[in-house]
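Notes to accompany the following structure.
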Amino acid sequence: MSMSQTPMIEMRNVEKHFGDHHVLKGISLTVKKGEVVVIIGPSGSGKSTLCRTINRLEPIDSGEICFDGKPLPEEGRALAALRSQIGMVFQSFNLFAHKTILENVMLAPMDVLHKPQKEAREAAMELLKRVGVDSQAGKVPAQLSGGQQQRVAIARSLAMNPKAMLFDEPTSALDPEMIGEVLDVMTELAKEGMTMVIVTHEMNFARRVADRVVFMDEGRILEDGTPEEFFAHPKTERARDFLNSIKDH
Amino acid sequence: MRGAGLTVRDVLYEAPGAGTRKKIAVATAASLLLLALLLGLVIRQFAIAGQLDRKYWFFFARGTTWSFLGKGLLGTVEVAVVSGILAFAAGFFLMVGRISQSRISRALCTGIIEFTRGVPTLLFVYFFFLVAPQLGIRLHAFWKITLPVSISACGVVAEVLRSGVNAVPKGQREAALSLGMREGSVFLKIIFPQAFRVVIPALLSELVIVLKDTTFAYVINFPDLMQNASVLISNYDAMLSVYLLIAVIYCIINYLLNKAAEAVAVRGKEKGGAK
């Protein structure tokens, strides 16, 4: 990778408050094209909020966020257009409850990209096959297991051909036996070169898939390095405590 | 599935044991006896007052009576259906205005909603019947009843719809926005369809109220069921028998509406919706 390449995501001195609560403190983070960055840290450390500022689901107080070289638009058509280039997968899946699995995946390409129905349907079936839930295409979300729903959610994001994907604790709401199937799909995506920002508690997954691990605590990024460095030699006391606390389980 | 047969009673109380079942049986028998006694008393009183005389009932054997009442029923249904549609349309826009970003729109729509909910329907009827003509507004009798009934219902409809919108999980909107959908699209394609499903039973209940409000048609001599019944009463001097009959008719229609509401609610649950 050449050094001059524009980063996919660039955050500079981002600050964010929820009322009196200072959630993001001087966050600066760069994600290169094709890079997989895993954000870990104790709950309440601001990692989900950070993830959600990247497509402006959370507006920021100050600082700057650029996506693919351009600053995030604040509102309107431009913001919607930008969001359509960034896939997002949520902890609670958020599939459209009143639509079938197939319709969930077809909706945004038709509504946002104005794809013809036939084309959207074919692409959607292709994606559902890729994540292994094509046999469920006619069902509604409530009829699927959590793992299946989350894989559909990933397919729904991919249907927009995003330049990057954000994962906000994608496996935290899943039964243990379903976590693997979702992580497998994500691993596959990473291998194909998707730019990914992943908030997760799955340390083995982070070790295996991440190019970089970012450790956050109390709204700050305390460490930013390769998984090898981070897991073997955490530099800060807080990171060591955190890693020890999850090892006990 | 087990959930399908579950009633409110099952949720509120434990399954009755042998002792409780005996108590329930005794109480049921006693209340049935009491009910039969009351009914007997009422009929006896009717007989004493001469209300069971042939002259109060014979005209129900005539086809013309029924076609006259049928016309009235048709008038009632017309007013109720058109009022229902108008109230829904107005309620929808009031709801959208109330949840909009603009403070002025919010204040205005909140004001209209509270006003229409707070004022009795009869006052709106009087306005269209008595005040509007003085202002030079000439309306067909149909609109003199339909407009006040719709206005009276639209605020409630707006609030019912708003409660539905609030019941849709926040994640639905976020997911749609994250895919690049615009606010308007998100509302019409994601939020409102789900909200609507949730509130169909409440909307049908409101339709029952609309139907009952149509009886104010007698104030302006619009030929609805109530008005035609009044004509029959003055023709045959048979107040009790006619009122009894149309009470039963109103009751049947509203019972059917409530049944429809229940059926829709059950179907909605089976289809899943939010988990």
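Throughout, read-outs are computed from the coordinates displayed, never taken from laboratory work. Just so you know, these numbers come straight off a predicted model, no measurement behind them. Counting neighbours? That spans all protein chains shown, and the Cβs are built from the backbone with ideal geometry, glycine included.
Could you point to the residue in B:Phe59, B:Ser150, B:Leu135 farthest towards the positive end of chain B's charge dipole, with +1 and -1 charges on the Cβ of Lys/Arg and Asp/Glu respectively?
After comparing all options, I get B:Ser150.
When only DSSP loop residues count, what trypsin sites (Lys or Arg not before Pro) in region B:115-154 have their Cβ near at most 13 other Cβ atoms within 10 Å?
B:Arg138
For A:94-104, what's the mean count of beta carbons from other chains sitting within 10 Å of each residue's beta carbon? Write down the numbers at each step before the final one.
Details: counts 9, 3, 9, 13, 14, 4, 0, 0, 0, 0, 1.
For this peptide, the per-residue mean of nearby foreign Cβ atoms is 5.
When the helices in chain B are scored as -39500 (n - 2.57) per DSSP H run of 4 or longer and the sum is shared across all residues, what 222 nm value do you end up with, to the nearest 500 deg cm²/dmol?
-24500 deg cm²/dmol
Mind running the shape call on region A:126-249? Use the C-alpha gyration tensor, a ≥ b ≥ c as the square roots of the eigenvalues: rounded below 1.5 for a/c, prolate if a/b tops b/c, oblate otherwise.
Verdict is prolate for region A:126-249.
For a protection proxy built on the mean count of beta-carbon atoms within 10 angstrom, sort A:141-151, A:77-87 highest first, please.
Sorting A:141-151, A:77-87 by mean packing, highest first, produces A:141-151, A:77-87.
Under 10 Å from the Cβ of A:Gly34, count the other residues' Cβ atoms, weight Lys and Arg +1, Asp and Glu -1, and hand me the total.
Summing Lys and Arg as +1 and Asp and Glu as -1 gives -1.
Beyond 20 Å between alpha-carbons counts as too far, so tell me which of A:Lys70/B:Lys189; A:Lys139/B:Lys170; A:Lys32/A:Lys70; A:Lys99/B:Lys189 fall in that bin.
Those over the limit are A:Lys70/B:Lys189; A:Lys139/B:Lys170.
Just tell me how shielded A:105-115 is by partners: mean number of partner chain Cβ atoms within 10 Å of each residue's Cβ, no decimals. Kindly include the intermediate steps, with their values, before the conclusion.
Numbers: counts 0, 0, 6, 8, 2, 1, 10, 6, 1, 0, 0.
Across the residues of A:105-115, the mean count of other-chain Cβ atoms within 10 Å is 3.
Give me the dipole magnitude in Debye, nearest 20, for region B:92-160 about the Cα centre, with unit charges on the beta carbon: positive for Lys and Arg, negative for Asp and Glu. Walk me through the intermediate numbers first.
Values: 6 positive and 2 negative charges, 25 e Å.
Here the size comes out at about 120 debye.
Using 20 Å bins from zero, what percent of all Cα-Cα pairs in the protein assembly as shown falls into each bin?
Histogram of Cα-Cα distances, whole percents per bin: 17, 37, 27, 15, 4, 0.
List every residue whose amide H lies under 5 Å from the amide H of A:Leu222, counting only residues 5 or more places away in sequence or on a different chain, with H placed 1.01 Å from N in the peptide plane.
Result for A:Leu222 returns A:Phe215, A:Met216, A:Asp217.
Taking R0 as 30 Å, what FRET efficiency do you get between A:Phe231 and A:His22 from their Cβ-Cβ distance, rounded to the nearest 0.05?
With a Förster radius of 30 Å, E is 0.60.
Please sort by residue number the GluC sites (Glu not before Pro) in region A:148-249 whose DSSP state is loop and whose Cβ has at most 16 other Cβ atoms within 10 Å.
Hits after loop and neighbour filter: A:Glu192, A:Glu218.
Starting from the Cα gyration tensor of region B:74-274, take the square roots of the eigenvalues, sort them a ≥ b ≥ c, and report rounded, prolate or oblate (rounded when a/c is under 1.5, otherwise prolate if a/b is larger than b/c, else oblate).
Note, shape of region B:74-274 comes out oblate.
Which of B:Lys144/B:Lys212; A:Lys25/A:Lys247; A:Lys33/A:Lys163 have a Cα-Cα distance over 20 Å?
The pairs that break the limit, which is 20 Å between Cα atoms, are A:Lys25/A:Lys247.
Please list the non-local residues whose amide H lies under 5 Å from the amide H of A:Ala164, H modeled 1.01 Å from N, same-chain partners needing a gap of 5 or more.
Here A:Gly87 satisfy the definition.
Projected onto the charge dipole of chain B (+1 at Lys/Arg Cβ, -1 at Asp/Glu Cβ, origin at the Cα centre), which of B:Val168, B:Ala89, B:Val210 gives the Cα projection farthest towards the positive end?
Comparing the listed Cα positions along the dipole, B:Val168 ranks first.
Enumerate the calculated ³J(HN,Hα) couplings along region B:95-108 in order (Karplus 6.51 cos²θ - 1.76 cosθ + 1.60, θ = phi - 60°), each rounded to whole Hz, writing x wherever the residue is Gly or Pro.
5, 4, x, 6, 9, 6, 6, 6, 5, 5, 4, 4, 5, 4
Among the aspartates and glutamates, select those whose C-alpha is under 19 Å from the C-alpha of B:Lys259, and discard any that sit fewer than 8 residues away in the same chain.
Counting by Cα, and skipping residues close in sequence, B:Lys259 has these aspartates and glutamates nearby: B:Glu206, B:Glu270.
So, R0 is 25 Å and r is the distance between the beta-carbons of A:Thr30 and A:Glu119; what FRET efficiency does that work out to, to 0.05? Before the final figure, lay out each step's value.
Working: r = 36 Å, r/R0 = 1.43.
The pair A:Thr30/A:Glu119 has a calculated efficiency of 0.10.
Please state the charge dipole magnitude for region B:74-274, taken about the Cα centre, from unit charges on C-beta atoms (+1 on K and R, -1 on D and E), reported in debye and rounded to the nearest 20.
My answer is approximately 800 debye.
Summing +1 for each Lys or Arg and -1 for each Asp or Glu, what net charge is found among the other residues whose Cβ lies under 11 Å from the Cβ of A:Gly225?
-3
With a sphere of radius 9 Å drawn around the Cβ of A:Gln5, what net charge do the other residues whose Cβ falls strictly inside it have (Lys, Arg +1; Asp, Glu -1)?
+2
How large is the dipole of the protein assembly as shown about the Cα centre if only Lys and Arg carry +1 and Asp and Glu carry -1, each at its Cβ, rounded to the nearest 20 debye?
Magnitude of the dipole: close to 1740 debye.
May I ask you to list the GluC sites (Glu not before Pro) in region A:1-93 that are in a DSSP loop and have at most 13 other Cβ atoms within 10 Å of their Cβ?
Those that pass, being in a loop and sparsely packed, are A:Glu74, A:Glu75.
Can you give the average number of partner chain beta-carbon atoms within 10 Å of each beta-carbon in peptide B:164-173, as a whole number?
Numbers: counts 0, 0, 0, 0, 2, 3, 2, 7, 5, 2.
Mean partner shielding for this stretch: 2.
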